[in-house]
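These notes concern the structure reproduced below.
The values are calculated or read from the model by the stated rules, or taken from the named source; none is laboratory data. As the structure is a computational prediction, the values presented were derived from the model and not from experiment. Glycine gets a Cβ as well: all are built from the backbone with ideal geometry, and neighbour counts include every protein chain shown. SASA here: full protein model, heavy atoms, side chains in, ligands and nucleic acids out. Shrake-Rupley method; radii C 1.70, N 1.55, O 1.52, S 1.80 Å.
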Amino acid sequence: ERAVPQVVFTDPEVASVGLTAAAAETAGLRTRVVDYDLGAVAGASLHADGYRGHARMVVDEDRRVIVGFTLVGPDVAELLHAATIAVVGEVPLDRLWHAVPSYPTVSEVWLRLLETYGRRP
């Protein structure tokens, strides 16, 4: 129940799994929020001209796992399953680097979020 995916089929769609940044803070987690413009990934231009969207991952800094993930944009529900696996499986960020997304698709946002977060030992 801690990571039930949810999608609001509005225009644009809103999809999320896990904790929001506020809920993670309330739970006492030391977190870092990483945001990325979905329109900036190469695959977005293949999806639609002028694609606009946003991705946010909430990382538990002590365990270096994603505890929350939110997407807003056209057809983002398709990206939610990968986020659900990462949250439910508590996949360490260092391991996610090896799950290379297909290029050029909107799923490239995974690589961009990890790059934005940065590699750290």
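Here the simple spin-label model places points 7 Å from the Cα toward Cβ, and for Arg63 and Arg30 these points are separated by 1.5 nm. The sum of -39500 (n - 2.57) across all DSSP H runs of n ≥ 4, divided by the residue count of the chain, sets its helix-only mean residue ellipticity at 222 nm to -7000 deg cm²/dmol. Of Phe69, Phe9, the residue with the largest accessible area leads and the full order is Phe9, Phe69 (1.4 Å probe).
Per residue, the accessible area of segment 64-121 comes to 49 Å², computed with a 1.4 Å probe over protein heavy atoms only.
The solvent-accessible area of Arg56, taken with every protein chain present and a 1.4 Å probe, is close to 90 Å².
Taking Tyr51, Tyr36, Tyr103 as the candidate residues, the one with maximal mean-square fluctuation in a Gaussian network model of the chain, Cα springs under 10 Å, is Tyr103.
Note on the chain: with a GNM built from Cα contacts shorter than 10 Å, the maximum mean-square fluctuation among Ser102, Ser16, Ser45 falls on Ser102. Largest to smallest in accessible area, the residues Asp62, Asp49, Asp35, Asp75 fall in the order Asp49, Asp62, Asp75, Asp35 (1.4 Å probe, all protein chains included). Evaluated with a Cβ-only charge set (Lys, Arg +1; Asp, Glu -1), the chain carries a dipole of roughly 420 debye about its Cα centre, given to the nearest 20. Measuring nothing but protein heavy atoms, the accessible surface of the chain at 1.4 Å probe radius is 54 percent carbon and sulfur. Under a Gaussian network description of the chain, with springs only between Cα atoms under 10 Å, the residue in Gly50, Gly18, Gly39 that fluctuates furthest is Gly50. Going toward the positive end of the dipole of the chain, with +1 on Lys and Arg Cβ and -1 on Asp and Glu Cβ, which of Gly18, Val67, Gln6 do you reach last? The Cα lying farthest towards the positive end belongs to Val67.
When +1 charges are put on Lys and Arg Cβ atoms and -1 charges on Asp and Glu Cβ atoms, the dipole computed for segment 46-98 relative to its Cα centre reaches about 40 debye. Which entry is the computed Rg/Rh (Cα atoms, Kirkwood Rh) for this structure: (i) 1.21; (ii) 1.00; (iii) 0.95? Given (i) 1.21; (ii) 1.00; (iii) 0.95, the calculated one carries the label (iii). The equivalent ellipsoid of segment 3-73 has semi-axes of 25, 14, 8 Å, largest first, where each one is the square root of 5 times an eigenvalue of the Cα gyration tensor. Note on the chain: dipole from Cβ charges, positive end direction compared against Tyr51, Val76, Gly118; the farthest Cα belongs to Gly118.
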